Structures are given as C-alpha cells and as structure tokens.
Amino acid sequence: MMNKYAARVLDDLKKKYPWETEFLQSVEEVFASLDSVLEENPKYEKFRILERMVTPERSITFQVPWIDDNGEIQINTGYRVQFNGALGPYKGGLRFHPAVTLSTMKFLGFEQTFKNSLTTLPMGGGKGGSDFNPVGKSDREVMSFCKSFMRELFRHIGPETDVPAGDVGVGAREIGFLFGEYRRLANRYCGVLTGKGVGWGGSLVRAEATGFGAMYFVQHMLAMKGEDIAGKTFAISGFGNVAWGAALKATQLGGKVVAISGPDGYIYDKNGLDEEKVAYMLVLRASGKNVVAPFAEKFPGAEFVAGKKPWEVKVDIAMPCAIQNELALEDAQTLIKNGVEIVAEVSNMGCKADAVHALQEAGITFAPGKAVNAGGVATSCLEMSQNAEHTFWSAEGVDAKLHEIMTSIHEACVKNGKKGDKIDYVAGANIAGFKRVAEAMCAQGC
Ligand code: 2IT
C-alpha cells in the first residue's frame with residue numbers, strides 16, 4: 001500500500017496525463033519507496049513537495065527545421081525539460097531518438113533529478129532531445145540538425161542555468177556541432193555542455209564514466225557478499241558507449257562478458273571478450289549501420305543470434321545498457337530460471353516494473369539505473385568543475401573521484417535501503433535521492 005498522500009498525487013497525475021505512460025511509471029516507482037519518509041516528515045505534504053516534484057519547473061518544446069542532403073526541408077520537434085533546480089543548475093543529457101516524446105523527456109528528467117541528488121554534487125535535474133533519428137544520416141545532415149536545434153536551445157541554457165550532455169543518439173560528434181553553434185551565438189567559451197572532446201574542454205574518462213561507474217557499483221554489490229568480479233559471467237545489452245565502458249571495465253577486472261547486443265540481435269561468445277573485441281564494439285558503433293552481426297564474422301567462436309535479447313544466456317550478472325523497458329517480465333523469468341545473481345540496471349528505467357518485482361521476489365539482487373549509471377552525470381559535473389576553474393585533470397584523478405562517488409552512492413543505498421539482512425537498492429536510491437531534493441525545496445520556500 002502506497003502512502004496516502006503519494007497515492008493521491010499519483011492518482012491526480014494519472015488523470016491529468018493518462019498518455020504519459022513512461023513518466024507515470026517512473027513516478028510510481030519513486031513514490032512506492034517513500035512511505036516511511038513521508039510519514040516521518042509531515043512537512044513535505046504541507047509544502048506540497050510531491051505535487052511540485054512531479055511538475056517540471058520549465059518545459060520547452062520547439063520546432064527544429066533543417067535541410068537534408070537532397071536539399072529538402074525536414075522538421076523535427078525539440079525539447080528541454082528543466083525539471084527541478086533545487087540542488088543546482090539543471091543537468092542531464094539530450095536524447096535523439098525517433099521514439100522521443102514529451103513523456104520520455106519528463107520521465108528522464110524526473111529520474112535525473114534523484115540521480116543527480118544521489119551523487120551529492122550540485123546539480124538539478126533536466127533532460128532534452130528530439131525525435132530526430134541520427135541512424136543513417138550523413139555527418140552533414142547531423143550537423144545541420146544540431147545547429148538548428150541549438151539555435152533555439154541556446155537561449156535557455158548556460159553554465160549556471162542548464163548544462164546538457166549526451167544520451168542515446170548524442171555522442172562526441174553531436175556535442176561538437178552543438179557546442180560550435182552555442183559558442184557562436186552566445187559569444188562565450190564556457191562549460192555549457194559536457195561530453196565535449198578531450199582537447200577542447202572535455203574531461204578525460206567522461207566517455208567511459210557511465211560504464212566504469214556501473215562496474216564499480218557492481219563491485220560493491222558483490223563485496224557485500226564477500227565476492228568479486230573476477231570469474232563472473234556477464235550479459236550486457238546496448239550498442240552505445242555505456243555498454244562499451246561496462247564491457248571494458250568488466251574485462252579489465254577479470255570478468256567474462258559472454259553476451260553483448262545490438263538492435264539486430266545478440267552475440268554469444270563463450271570465451272568472453274578481450275580488449276580487442278571490446279575495441280571492436282566501437283568500430284561497429286562508428287559504422288553507423290546499427291548492427292552487431294559482423295562481430296561473429298570477425299571473431300571465430302562468437303555466435304550471432306538474430307532478433308533476440310541477450311537475457312536468454314545463462315550468466316551471473318545481467319546489465320541492461322540500452323534503453324527504457326528493454327528487460328521485460330519474461331526476460332526476468334528466464335534470468336531467474338538460469339540462476340542469475342545480480343541484475344544491475346544501467347539504462348534509465350531499463351527494466352519494466354513487473355520485471356523488477358519478479359527479480360526482487362525471487363531474491364535476486366537488483367539495483368536501479370539511477371544509482372548504477374550515476375557515474376556518467378557525476379563525471380559530467382567533474383567536467384563542469386574543470387571548465388569553471390580553467391584547468392584539466394589527469395585520467396587517474398577523474399577515475400579516483402568517480403570511484404569515490406560510486407562508493408558513496410552505494411553507501412547511501414545500503415543505509416537507506418536496509419531491510420533485515422537484505423538491501424533494497426530501489427528503496428535506498430529513491431529515499432536518499434528524494435530527501436536531499438525535498439529538504440532543499442523546503443529550505444528555499446514556495
Ligand atoms: O542519463 C544520464 O545520466 C545521462 N545521459 C548523462 C547526463 C549528463 O549530464 O552527463
């Protein structure tokens with residue numbers, strides 16, 4: 001049973017935005033964790049904290065016209081949802097994906113608010129993007145789109161206002177085009193975007209940070225049971241730099257990544273990846289073809305399974321690194337049947353709600369994306385610090401800080417999620433993330 005106040009706010013939200021299913025899913029997940037916090041702090045209801053938390057402080061929707069390689073005009077929709085600024089400038093990525101709607105942006109911005117809070121760094125939550133599909137577009141088309149997108153976005157962002165970064169479909173190339181246009185329009189060279197190229201303001205280790213941080217988090221989850229990554233088998237989904245970073249760190253730490261995936265299916269490699277195979281993940285990504293199948297042609301012993309997800313492979317640790325709701329109830333049931341030990345979500349809301357419940361009921365240790373993947377945005381904040389002080393830190397320095405941050409996020413989850421001799425990482429992450437935001441909002445008044 002959900003706390004009465006939370007249930008009422010959720011109910012009103014469902015009536016108001018019945019079509020925003022992803023957003024409602026993310027709100028329900030957080031609210032379901034807040035019973036004890038809301039009971040202990042009646043002031044949150046008096047200050048109407050929940051109503052304010054589910055309402056973006058500002059939400060911008062704009063037209064993005066651009067010209068394709070045939071000289072034709074194309075139109076997409078751009079978004080920036082500045083969700084909650086109580087803890088710092090809005091911070092969160094830009095997603096370019098054909099399925100993006102305002103609901104997607106709101107769910108991601110809502111999640112981002114608690115994730116950023118969990119890092120304990122000074123960042124509010126925001127998210128943006130467009131229904132533009134970069135797959136199959138030429139560099140010139142991507143540039144044309146990015147420049148047009150920034151021509152509107154630039155008036156809403158700034159290093160002390162809102163600092164976007166990459167997300168699905170937005171990597172170093174897109175950030176470069178976006179930054180170039182911002183610099184020209186604003187006549188300022190500043191840390192207005194993160195994920196910039198190393199050499200022109202970007203931080204070392206930012207590209208690896210989400211995947212590396214996720215693996216540091218998994219190390220802590222294992223350490224709770226006196227175990228370690230070496231010798232564990234992994235299935236990792238996703239075709240972007242998050243999956244790549246996770247696979248690289250797992251491999252470096254002696255883990256055996258036996259399954260990786262792309263939009264076309266998955267690769268099963270019983271020998272596990274080595275650094276050469278991990279590097280090839282980047283080659284496939286850069287091909288722009290969105291296929292993982294060529295991996296099996298290049299590396300004998302690796303098998304390609306068309307059209308399937310990697311969750312049917314028997315592994316110790318499963319890490320979804322692709323997109324929301326990619327791991328469904330049937331996948332969770334297969335993982336349980338095959339004796340999975342840990343499911344660490346790296347994509348934002350990568351698992352459907354019923355999948356998470358099934359895993360938890362079966363006693364599988366599950367950790368949510370907002371804790372596991374927070375190393376990405378945390379390292380973005382380290383990039384902001386370097387930009388603000390006009391300096392550049394070493395890779396070792398950034399990695400050490402990332403390590404420290406993931407350790408403290410894990411500690412916060414354990415402290416707030418302890419249930420008997422088990423840790424409920426979902427409750428732990430939601431409660432720890434929520435409390436800081438709620439307290440800041442109360443202190444700042446209405
Ligand atoms: O989901 C995320 O945390 C990101 N896409 C990274 C956001 C950021 O500002 O680095």
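Report whether or not D331 is in contact with a Ser or Thr (Cβ under 6 Å, 6 or more places away or on another chain) and more than 16 Å from the ligand (Cβ to nearest atom). Here the answer is no, as D331 does not meet what is asked. Applying the criterion of being assigned to a loop (DSSP other than H, G, I, E, B) and of a type outside the set (F, W, Y) to the residues of the range 198-209, the residue that is farthest from the ligand (Cβ to nearest atom) is G199.
Annotation: of all residues in the range 210-257 being among the β-branched types (V, I, T), in contact with a Gly (Cβ under 7 Å, 6 or more places away or on another chain) and part of a helix (DSSP H, G or I), the one that is farthest from the ligand (Cβ to nearest atom) is V242. If I filter the range 71-86 for residues that are in a loop (DSSP other than H, G, I, E, B) and within 16 Å of the ligand (Cβ to nearest atom), do I get at least one hit? Taking every residue of the range 71-86 in turn, at least one turns out to be in a loop (DSSP other than H, G, I, E, B) and within 16 Å of the ligand (Cβ to nearest atom). The lone criterion from (1) at pLDDT below 95; (2) assigned to a helix (DSSP H, G or I) left unmet by E383 is number (1). Within the bounds of the range 120-133, is there any residue that is more than 16 Å from the chain's Cα centre (by Cα), within 14 Å of the ligand (Cβ to nearest atom) and either crowded, with 24+ Cβ neighbours inside 10 Å or within 21 Å of A367 (Cα to Cα) (or both)? Checked against the condition, which is being more than 16 Å from the chain's Cα centre (by Cα), within 14 Å of the ligand (Cβ to nearest atom) and either crowded, with 24+ Cβ neighbours inside 10 Å or within 21 Å of A367 (Cα to Cα) (or both), the range 120-133 yields at least one hit.
Yes/no per residue for (1) without any contact (Cβ under 8 Å) to a residue 12 or more places away in the chain; (2) in contact with a His (Cβ under 9 Å, 6 or more places away or on another chain); (3) within 14 Å of the ligand (Cβ to nearest atom):
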{"site": "R155", "(1), (2), (3)": "yes, no, no"}
{"site": "G169", "(1), (2), (3)": "no, yes, yes"}
{"site": "E181", "(1), (2), (3)": "no, no, no"}
{"site": "R184", "(1), (2), (3)": "yes, no, no"}
{"site": "N187", "(1), (2), (3)": "yes, no, no"}
{"site": "V192", "(1), (2), (3)": "no, no, yes"}
{"site": "K196", "(1), (2), (3)": "no, no, yes"}
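Hey, any hits in the range 229-245 for a residue that's in contact with a Ser or Thr (Cβ under 8 Å, 6 or more places away or on another chain) and among the polar types (S, T, N, Q)? There is at least one residue in the range 229-245 that is in contact with a Ser or Thr (Cβ under 8 Å, 6 or more places away or on another chain) and among the polar types (S, T, N, Q). Specify the residue that is nearest to N325 (Cα to Cα); the eligible residues are those in the range 13-24 that are in contact (Cβ under 8 Å) with a residue 12 or more places away in the chain and surrounded by fewer than 17 Cβ atoms within 10 Å (Cβ to Cβ). Among those residues, the one meeting the criterion is T21.
Looking only at the range 277-298, decide whether some residue is modelled with pLDDT under 95 and more than 24 Å from the chain's Cα centre (by Cα). There is no residue in the range 277-298 that is modelled with pLDDT under 95 and more than 24 Å from the chain's Cα centre (by Cα). The residue that is farthest from L329 (Cα to Cα), counting only those in the range 305-316 that are crowded, with 16+ Cβ neighbours inside 10 Å and touching a residue at least 40 places away in the same chain (Cβ under 8 Å), is V305.
Only residues that are within 17 Å of I317 (Cβ to Cβ) and either modelled with pLDDT under 95 or basic (K, R) (or both): list them for the range 239-276, please. Those that are within 17 Å of I317 (Cβ to Cβ) and either modelled with pLDDT under 95 or basic (K, R) (or both): K249, K256, K270. Among the residues of the range 179-197, those identified as part of a loop (DSSP other than H, G, I, E, B) and either hydroxyl-bearing (S, T, Y) or farther than 14 Å from N387 by Cα (or both) are N187, Y189, T194.
Being touching a His at 6+ places or on another chain (Cβ under 9 Å), under 24 Å from R285 (Cβ atoms) and in a helix (DSSP H, G or I), is that true of even one residue in the range 104-111? Scanning the range 104-111, I find at least one residue that is touching a His at 6+ places or on another chain (Cβ under 9 Å), under 24 Å from R285 (Cβ atoms) and in a helix (DSSP H, G or I), so the answer is yes.
The values are calculated or read from the model by the stated rules, or taken from the named source; none is laboratory data. The structure presented is a predicted model; accordingly, all values stated were derived computationally and were not measured. Cβ sites come from the backbone with ideal geometry, for glycine too, and all protein chains shown count toward neighbours.
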